[in-house]
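The values are calculated or read from the model by the stated rules, or taken from the named source; none is laboratory data. This structure is a prediction, so every number in the text was calculated from the model and none was measured. Methodologically, a virtual Cβ is constructed for each residue, glycine included, from the backbone with ideal geometry; neighbour enumeration extends over all protein chains shown. These accessible areas exclude ligands, DNA and RNA; they are computed on the full protein's heavy atoms, side chains included. Shrake-Rupley method; radii C 1.70, N 1.55, O 1.52, S 1.80 Å.
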Amino acid sequence: MAAASLPPPSRWPPPPLRLLPLVLLGCLAASAPLRAAEAAGVLRQVVAGGGDGDGGAFFEPFNVTYDHRAVILGGKRRMLVSAGLHYPRATPEMWPSLIAKCKEGGADVIETYIFWNGHEPAKGQYYFEGRFDIVKFAKLVAAEGLFLFLRIGPYACAEWNFGGFPVWLRDIPGIEFRTDNEPYKAEMQSFVTKIVNIMKEEKLYSWQGGPIILQQIENEYGNIQDRYGQAGKRYMLWAAQMALALDTGVPWVMCRQTDAPEQILDTCNAFYCDGFKPNSYNKPTIWTEDWDGWYADWGEPLPHRPAQDSAFAVARFYQRGGSLQNYYMYFGGTNFERTAGGPRQITSYDYDAPIDEYGILRQPKWGHLKDLHAAIKLCEPALIAVDGSPQYVKLGPMQEAHVYSSGKIHTNGSISENGQICSAFLANIDEHKYVSVWIFGKSYSLPPWSVSILPDCENVAFNTARVGTQTSVFTVESGSPSYSSRHKPRTLSLIGGPYLSSTWWTSKEPIGKWGEGSFAAQGILEHLNVTKDISDYLSYTMSVNISDEDVTYWNSKGVLPSLTIDQIRDVARVFVNGKLAEIVGLQNYGAFLEKDGAGFRGQVKLTGLSNGDIDFTNSLWTYQIGLKGEFSRIYSPENQGYAKWSSMQNDDTQTPFTWFKTMFDAPEGNDPVAIGLGSMGKGQAWVNGHLIGRYWSIVAPESGCPSSCNYAGTYGDSKCRSNCGMATQSWYHIPREWLQESGNLLVLLEETGGDPSQISLQVHYTKTICSKISETYYPPLSSWSRASNSRATLNTVAPELHLQCDEGHVISKIIFASYGTPSGGCQNFSVGNCHASTTLDLVTEACVGNNKCSISVTNDVFGDPCRKVVKDLAVEAECSPPLATEEPRDDM
């Protein structure tokens, strides 16, 4: 139950009766790896381009089947890596680069949901343009030689508004979602059929030469099926048969559905799926959602999953018989407009993914997983050669090996002369101890909570706990706080950039009834039934008479009246006589979603009166849908004359429901753009008419964020969190394609009060890159190859340190370089007792002025500064746009 204290009564003698206008404004808070075509063998990409497409084939047509071991493409078993990338969470202009980065990272497949409410915003009215152009997206995937896993649903969850359901679905008489209900099944079948027919017409299925190899019907229904009783079971079976009857020619998946029918693949969604087995021996083991991060909620810290643990989970999956794994997410993106789910998902859907919200590689996670994928691809011939179970070897109390080979292997001695295809995975699931194990006639050291991959059953190509890729530091970190203190919420701590503008205009939003769309009704109406989700906002207005006796009673008792509301979904603002009393209350997950709704529930009472409480629940209320400025589209450049704008005054910053606007120029260059809204309160922001999303500077608790994060041990979303005591999100993505060189219009709707003069604009790119590699590290994965019999072979070379800036940027300066015994980590390196004096000059020569560089970590390059000591090469460098290249620092 929520309660709000009303403002104290006036000290002046009151009239006998006073009319107290009460407005309740309901707000929705959230409603070198092997490439796919190369590894496939019998599959061949026949069209290199055609992203916008003319309907021609992208591949030679191939069939998709499966057996108990793997998905079979064109007659060949495959070990597949899939990258989750939701097309509406990026702009079409971003898609080509994102897909290419997925491919470069080692993905074979792109996975995406289909978002019903984006494609059918009104019943029978379809939209497949802009960010919802799924056909264009699918063709771009195919043009990169990647496959597509299409999760049609049509229920998505995905922390998306209303779980992807269109709100109009609730208005169909007699409907009940996701159960044996004829009205719902008719609409679901109609939409799924629409999507499938479009894919067929565009020749996007594998047998047509397209990229689609898998589809999904429903989504995690097994989590809630029992809530519907036998009707749930009947619905699940109906959904499966409906999908199969569409004759798409590729397999269908049901995730988290342990009772899926024989013709449907049941799959796993979790942080770890190495222990999962499908419900039939005839089905391969598939991991549809590998949660490599987690979503963030307003008012909570930011979750992070270490790269080492994510790699450990994936390696264990393939080690124990997995065949297809999909990162949820590989790129998370942004919940533009009002698409964020509920009740409290933030606008950023960064998800701590390998590619960050802005499309920049998150290192070391992206690079570490890229190396993992390359190692797994080297093992693919051995993995698909085993028809039954691999050889299992117990190496210790918490250590084990799985050996995949084309024939029986004797693991007690070397197999170098054996000639068979052989790959092995060595696991140490002890989260505390390093352990040495003996196998193949050799000793192998395994760090805690790690897997070593031996593509040739002899040499280690990769260990999940040993990170050999660079660490990157962005100019604007995801979740970087704009507030310098939670106790001084109007103090902005800038990260380098100037304030956006010193000239602002304001326009006041009327509270309550303002005209168009208002009506009166008895009782409390449900929010979504009234708004149909065309706006976050719905005002409920009524008046009550307060007597002189009540005011005297309050003064004598020293108490104030309170407004009590049984339940609020999701956020409400209470205005009494024009004064704001704040109350903080569309869900996207759960059973009976169509009945969940939003707004006020239960009773609404005024308590603390001399003659008892007043129940407003069944009173006459006046309803107003949306805001006047919203419906006048005063955020659009062409509609600026529809509002009365005036120059901003100091008191405007503390006035609730105020519109602010300014003009600004775009930053130079092509880097992604972030706007810092940490000086604002809560509202929505538009740039040149595009709604970039909701903003809210609500602060996370002070506690719950460890000073360091140990990768070892079972991960949960509360394990490695950051940003405690700071606003959950302060920086918001403005896509470059929404900006023009100058004269950009920014419009803010501020609900609670904020200071726009302190808003800043930043470009987002990788500013600092660091790496530290030991001379005992593994040879680069590029030194591996396959013999004619598909056996993996290693050309032994020295380890390499690799550095790379973002595309279009160059290494402008070497901040630190030492070969010897350097200590510390990124941005905190220091020279040890052993140091090669030539390091800085050699690294500078190899790297400065280039986008990327690689350096062999060996005495042959640097000389030996200290014999019989294991040496490391540590480098910290600075990245800059090409014209900003600086001379290297010479004070080391």
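Within segment 421-479, the set of residues being among the hydroxyl-bearing types (Ser, Thr, Tyr) and either at pLDDT 95 or above or more than 30 Å from Gln729 (Cβ to Cβ) (or both) comprises Ser423, Tyr434, Ser436, Ser443, Tyr444, Ser445, Ser450, Ser452, Thr464, Thr469, Thr471, Ser472. One residue stands out among those in segment 406-449 that are in contact with a helix residue (DSSP H, G or I) (Cβ under 6 Å, 6 or more places away or on another chain) and not hydrophobic (A, V, I, L, M, F, W, C): the one that is surrounded by the fewest Cβ atoms within 10 Å (Cβ to Cβ), which is Ser406.
To keep it simple, each residue is scored yes or no on (1) hydrophobic (A, V, I, L, M, F, W, C); (2) in a strand (DSSP E or B); (3) within 20 Å of the chain's Cα centre (by Cα); (4) crowded, with 20+ Cβ neighbours inside 10 Å.
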{"position": "Gly118", "(1), (2), (3), (4)": "no, no, yes, yes"}
{"position": "Tyr127", "(1), (2), (3), (4)": "no, no, no, no"}
{"position": "Leu150", "(1), (2), (3), (4)": "yes, yes, yes, yes"}
{"position": "Tyr155", "(1), (2), (3), (4)": "no, no, yes, yes"}
{"position": "Phe162", "(1), (2), (3), (4)": "yes, no, yes, yes"}
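Scanning segment 729-746 for any residue that is among the β-branched types (Val, Ile, Thr), open to solvent by less than 10 Å² (accessible area, probe 1.4 Å) and in contact with a Lys or Arg (Cβ under 9 Å, 6 or more places away or on another chain) turns up nothing. Of everything in segment 773-806 that is over 31 Å from the mean Cα position of the chain (by Cα) and part of a strand (DSSP E or B), the residue that is surrounded by the most Cβ atoms within 10 Å (Cβ to Cβ) is Ala792.
Only one of the numbered conditions (1) in contact with a helix residue (DSSP H, G or I) (Cβ under 6 Å, 6 or more places away or on another chain); (2) open to solvent by less than 20 Å² (accessible area, probe 1.4 Å) is violated by His690, and that is (2). Taking each residue of segment 171-184 that is within 18 Å of Pro121 (Cα to Cα) and open to solvent by less than 50 Å² (accessible area, probe 1.4 Å) and looking for partners that are assigned to a loop (DSSP other than H, G, I, E, B) and among the basic types (Lys, Arg) with beta-carbon atoms closer than 9 Å, six or more apart or interchain, yields Ile172/Lys123; Tyr184/Arg178.
Listed by first and then second residue, the pairs with beta-carbon distance under 9 Å, at least 6 apart or on different chains, first residue in segment 362-380 and farther than 24 Å from His304 by Cα, second polar (S, T, N, Q) and assigned to a loop (DSSP other than H, G, I, E, B), are Glu380/Ser790. Pairing each residue of segment 513-538 that is farther than 22 Å from Phe162 by Cα and open to solvent by less than 30 Å² (accessible area, probe 1.4 Å) with any residue that is assigned to a strand (DSSP E or B) and of a type outside the set (Gly, Ala, Ser), provided the two are 6+ apart or on different chains, yields C-beta distances under 7 Å for Ala521/Trp621; Ala521/Tyr623. Filtered by the rule that a residue be small (Gly, Ala, Ser) and within 20 Å of Ser880 (Cα to Cα), segment 759-781 gives a lone residue, Ser771.
One line per residue, one yes/no per condition, for (1) open to solvent by less than 10 Å² (accessible area, probe 1.4 Å); (2) modelled with pLDDT under 95; (3) among the charged types (D, E, K, R):
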{"position": "Gly74", "(1), (2), (3)": "no, no, no"}
{"position": "Met79", "(1), (2), (3)": "yes, no, no"}
{"position": "Gly84", "(1), (2), (3)": "yes, no, no"}
{"position": "Arg89", "(1), (2), (3)": "yes, no, yes"}
{"position": "Pro96", "(1), (2), (3)": "no, no, no"}
{"position": "Ile99", "(1), (2), (3)": "yes, no, no"}
{"position": "Gly106", "(1), (2), (3)": "yes, no, no"}
{"position": "Glu111", "(1), (2), (3)": "yes, no, yes"}
{"position": "Gly124", "(1), (2), (3)": "no, no, no"}
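Reported count of residues in segment 290-306, each being open to solvent by 10 Å² or more (accessible area, probe 1.4 Å) and not in a loop (DSSP other than H, G, I, E, B), is 4. Looking only at segment 548-561, count how many residues are at negative phi and open to solvent by 30 Å² or more (accessible area, probe 1.4 Å). Going through segment 548-561 one residue at a time, the tally reaches 9.
Looking at segment 615-628, which of the residues that are open to solvent by less than 50 Å² (accessible area, probe 1.4 Å) and under 14 Å from Gly602 (Cα atoms) is farthest from the chain's Cα centre (by Cα)? This residue is Ser619.
In segment 807-821 there is no residue that is among the small types (Gly, Ala, Ser), more than 36 Å from the chain's Cα centre (by Cα) and assigned to a loop (DSSP other than H, G, I, E, B). Put simply, of Ser697, Ser703, Ser647, Ser718 the only residue that is open to solvent by 10 Å² or more (accessible area, probe 1.4 Å) and within 30 Å of Tyr434 (Cβ to Cβ) is Ser718. Against the criterion of being part of a helix (DSSP H, G or I) and out of contact with any Gly (no Cβ under 8 Å at 6 or more places or on another chain), Gly629 qualifies.
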